[in-house]
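Report on the following structure.
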Amino acid sequence: MSTLKFNPRNAVLLLIILLIAGFRVITNLSPELQPLAVVSPIAAMAIFGGAYFTGYSKPFVFPLLALFISDVVLSFTVFSSYRLGLLYAGWFWTYAAFALMTLAGKTLVKEVTVQRIALAVVATTLIHWLISDIGGCLMEKNAASILSVYGTRLVAAIPYELKFMTATAFYSAIMFGAFELLQKKFPSLRLA
């Protein structure tokens, strides 16, 4: 008979991701914090989970679960007019991009350094930019007009993606910085 072992490292990593996902919900629900809602932490959650969780499923499952929970809450509150079923139209493009962002975090941040995190921030922004806009074009247009619309849409999305990259860098600094400090204070959080 096997016993389930408590892993404080995974618990703290998950708690950090859930706190950031909770902040995402709060900024969308609170009128005072509404301007911060445009500053999305989702790519930082993906990079962080990919970088720190070990194995093949945890880096993807835990951050995706946090994204899903926050999406469901937002789907039934602030964005209820956009809801189709449980989530929003095109959710699969967001989740596909999120999984690729997690993979980028897992492959690019094998060692936590500022340079590697910065590279992951740029990579995840490009992933978000390309996947989200391809998905949007595929949902809105027929196959013949996708190419002409896609280039225009990519250019129009640049200001948003720059905000996305800034948010990713900001939240990554908070998440990685907090966990690195916690590892120094509590050596049990380090990998064996």
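Structure data summary
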read-out: Tabulated pairs, region 165-192, first within 21 Å of Phe6 (Cβ to Cβ), second among the polar types (S, T, N, Q), C-beta under 8 angstrom, 6+ apart or interchain; value: Leu189/Gln183; Arg190/Gln183; Leu191/Thr54
read-out: Residue match in region 81-88 (condition: touching a residue at least 24 places away in the same chain (Cβ under 8 Å) and either more than 14 Å from the chain's Cα centre (by Cα) or within 15 Å of Tyr171 (Cβ to Cβ) (or both)); value: no
read-out: Pair list, Cβ under 6 Å, 6 or more apart: region 31-44 residue over 9 Å from Phe164 (Cβ atoms) and in contact (Cβ under 8 Å) with a residue 40 or more places away in the chain, other residue of a type in the set (Ser, Thr, Tyr) and surrounded by 15 or more Cβ atoms within 10 Å (Cβ to Cβ); value: Pro41/Tyr171; Ala44/Thr168; Ala44/Tyr171; Ala44/Ser172
read-out: In region 76-98, residue nearest to Ala120 (Cα to Cα) [restricted to those that are surrounded by fewer than 19 Cβ atoms within 10 Å (Cβ to Cβ) and small (Gly, Ala, Ser)]; value: Ala96
read-out: Residue in region 12-25 that is in contact with a Pro (Cβ under 8 Å, 6 or more places away or on another chain) and either over 21 Å from Phe92 (Cα atoms) or acidic (Asp, Glu) (or both) present; value: yes
read-out: Pairs, first of a type outside the set (Gly, Ala, Ser) and surrounded by fewer than 21 Cβ atoms within 10 Å (Cβ to Cβ) in region 107-130, second modelled with pLDDT under 95 and in a loop (DSSP other than H, G, I, E, B), C-beta under 8 Å, six or more apart; value: Arg116/Lys110; Trp129/Ala157
read-out: Candidates Ala104, Ala96, filtered to the one that is over 22 Å from Leu13 (Cβ atoms), touching a Gly at 6+ places or on another chain (Cβ under 9 Å) and modelled with pLDDT of 90 or more; value: Ala96
read-out: Considering residues of region 24-51 that are within 13 Å of the chain's Cα centre (by Cα), among the hydrophobic types (A, V, I, L, M, F, W, C) and part of a helix (DSSP H, G or I) only, the residue nearest to Leu191 (Cα to Cα); value: Ala51
read-out: Residue match in region 8-18 (condition: more than 17 Å from Val78 (Cα to Cα), crowded, with 23+ Cβ neighbours inside 10 Å and within 13 Å of the chain's Cα centre (by Cα)); value: yes
read-out: Arg9 of a type in the set (Lys, Arg) and either within 24 Å of Ile174 (Cβ to Cβ) or touching a Pro at 6+ places or on another chain (Cβ under 9 Å) (or both); value: yes
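The values are calculated or read from the model by the stated rules, or taken from the named source; none is laboratory data. As the structure is a prediction and not an experimental result, all values here were calculated from the model. Virtual Cβ from ideal backbone geometry, glycine too; neighbours counted across all protein chains shown.
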